[in-house]
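S.K.: Before I ask anything, let me first share the structure, which is written out below as structure tokens.
Derivation of every value follows stated rules applied to the coordinates shown; laboratory data play no part. No experiment lies behind these values; they were computed from the predicted model shown. When we count neighbours, we look across all protein chains shown, and the Cβ atoms used for this are built from the backbone with ideal geometry, even at glycine.
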Amino acid sequence: MTREQTIRAAVSCSGVGLHSGAPVNLRILSAPTGTGIVFRRTDLDGFRIEASGRNVARVSYATSLMKKGVLISTTEHLLSAFIGMGIDNAIVELDNLELPILDGSARPFVEMIQKAGIRQQRKARTYLRIVREIELREGDKFIAVYPADVYSVSYSINFPHPLIGKQSFGVHLTNGSYLKQIAPARTFGFLHEADAMRQQGLIRGASMENAIVLNRQEVLNPPLRFADEFVRHKVLDLIGDLALIGKQILGTVVADRAGHAMHTALVSLILRDKSYWEETTLEDASHAPALAAAASLTI
Ligand SMILES: [Zn+2]
């Protein structure tokens with residue numbers, strides 16, 4: 001039987017928020033079964049915001065959660081790491097409004113989880129098994145999820161840039177690919193859009209150290225970690241946004257030129273309409289998303 005998991009010991013890091021530029025300290029702590037992922041604003045008396053689709057707020061260039069006017073921004077990379085590592089329960093403390101961007105990928109979060117170690121808990125993990133297809137379309141943007149026995153995610157993008165163009169990438173969350181294929185993929189941005197974005201209060205913490213920066217022809221801070229790092233980062237983001245469902249998914253997710261708004265629209269639809277899914281446990285541990293066992297052995 002696949003069981004819920006948390007981390008063994010508290011781990012922490014510091015950095016700046018990608019959009020706010022605000023300095024932030026973050027600490028991840030273990031949590032009992034049934035907790036899910038819960039954020040706590042230690043600068044606001046430990047105010048709690050559950051990582052759930054019902055708390056999704058503003059969504060444009062990053063996914064933000066809001067509850068009673070309290071904001072927690074850019075949650076997707078850490079939540080992606082939790083799914084990739086098979087962590088069901090954790091408390092995430094932060095002392096500012098945005099998670100640290102670190103190197104722009106999920107790798108530093110994965111390394112923190114590896115450093116903390118993973119602890120299996122007594123309760124059987126409940127999965128959300130998709131039983132009927134869902135397809136959302138918005139112009140040329142598309143996102144869908146289809147019934148399947150394992151969780152897989154594939155993404156296609158098409159950017160009018162000589163280094164990006166059309167890229168597609170898919171990953172099975174069950175076979176350990178996340179750690180090597182997805183976690184290291186960094187966020188990216190275009191220099192010619194930077195001023196306009198700053199004027200909207202975005203990317204104030206962006207630098208050559210925490211994002212792939214491109215001008216109209218080339219990458220200004222090479223090397224890329226993968227030739228198709230851009231689409232791999234979209235997979236990373238999508239996994240992080242779908243974590244707001246609050247359960248590991250059994251289904252095939254397909255996205256084409258979607259973005260945070262469509263990812264979270266899918267989350268809302270799934271949470272709203274229970275006819276699309278059923279809850280199930282898994283007898284066979286080989287289906288367990290991620291490689292928790294392998295991860296704790298490689299520390
Ligand atoms: Zn991202």
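S.K.: Got a sec? Which strands (runs of 3 or more DSSP E) wholly within segment 33-91 have at least 2 residues that are within 16 Å of the ligand (Cβ to nearest atom)?
M.R.: Qualifying strands (runs of 3 or more DSSP E): 56-59, 63-67, 70-73.
S.K.: Could you check segment 143-178 and list, in sequence order, the residues that are in contact with a Ser or Thr (Cβ under 9 Å, 6 or more places away or on another chain), more than 16 Å from the ligand (Cβ to nearest atom) and among the hydrophobic types (A, V, I, L, M, F, W, C)?
M.R.: Once the filter is applied, which keeps residues that are in contact with a Ser or Thr (Cβ under 9 Å, 6 or more places away or on another chain), more than 16 Å from the ligand (Cβ to nearest atom) and among the hydrophobic types (A, V, I, L, M, F, W, C), segment 143-178 yields 144, 145, 148, 150, 173.
S.K.: Shifting gears a bit: Going by the structure shown, is residue 28 more than 16 Å from the ligand (Cβ to nearest atom), assigned to a loop (DSSP other than H, G, I, E, B), under 28 Å from residue 175 (Cα atoms) and under 17 Å from the mean Cα position of the chain (by Cα)?
M.R.: Criteria not met by residue 28.
S.K.: For the list (1) part of a strand (DSSP E or B); (2) within 16 Å of the ligand (Cβ to nearest atom), I need the number of the one condition that residue 123 fails.
M.R.: So the condition that residue 123 fails would be (2).
S.K.: Considering every residue within segment 106-119, establish whether at least one is buried (at least 22 other Cβ atoms within 10 Å of the Cβ), in a loop (DSSP other than H, G, I, E, B) and touching a Ser or Thr at 6+ places or on another chain (Cβ under 9 Å).
M.R.: yes
S.K.: For segment 177-209, which positions are within 26 Å of residue 111 (Cβ to Cβ) and over 16 Å from the mean Cα position of the chain (by Cα)?
M.R.: 189, 203, 204, 205, 206, 207, 208, 209
S.K.: Restricting the first residue to segment 17-43 and requiring it to be within 20 Å of residue 68 (Cβ to Cβ), which pairs with a second residue that is among the aromatic types (Phe, Trp, Tyr) meet a Cβ separation below 7 Å and a spacing of at least six or different chains?
M.R.: Here the result reads 37/82; 40/47; 41/47, each pair linking segment 17-43 to a residue that is among the aromatic types (Phe, Trp, Tyr).
S.K.: Take segment 135-169 and flag every residue that is of a type in the set (Gly, Ala, Ser) and in a strand (DSSP E or B).
M.R.: 144, 152, 154, 156, 165, 168
S.K.: Can you confirm whether residue 178 is in contact (Cβ under 8 Å) with a residue 60 or more places away in the chain, touching a helix residue (DSSP H, G or I) at 6+ places or on another chain (Cβ under 7 Å) and within 20 Å of residue 249 (Cβ to Cβ)?
M.R.: yes
S.K.: Another question, then. Cβ-Cβ under 7 Å, sequence separation 6+ or interchain: first residue in segment 1-13 and closer than 18 Å to residue 107 by Cα, partner loosely packed, with under 14 Cβ neighbours inside 10 Å and of a type in the set (Val, Ile, Thr). Which pairs?
M.R.: Listed by first residue and then by second, the contacts come to nothing, as the list is empty.
S.K.: If you don't mind, there's one more thing I want to ask. For segment 229-256, enumerate the residues that are surrounded by fewer than 19 Cβ atoms within 10 Å (Cβ to Cβ) and more than 21 Å from residue 63 (Cα to Cα).
M.R.: Answer for segment 229-256, where residues must be surrounded by fewer than 19 Cβ atoms within 10 Å (Cβ to Cβ) and more than 21 Å from residue 63 (Cα to Cα): there is none.
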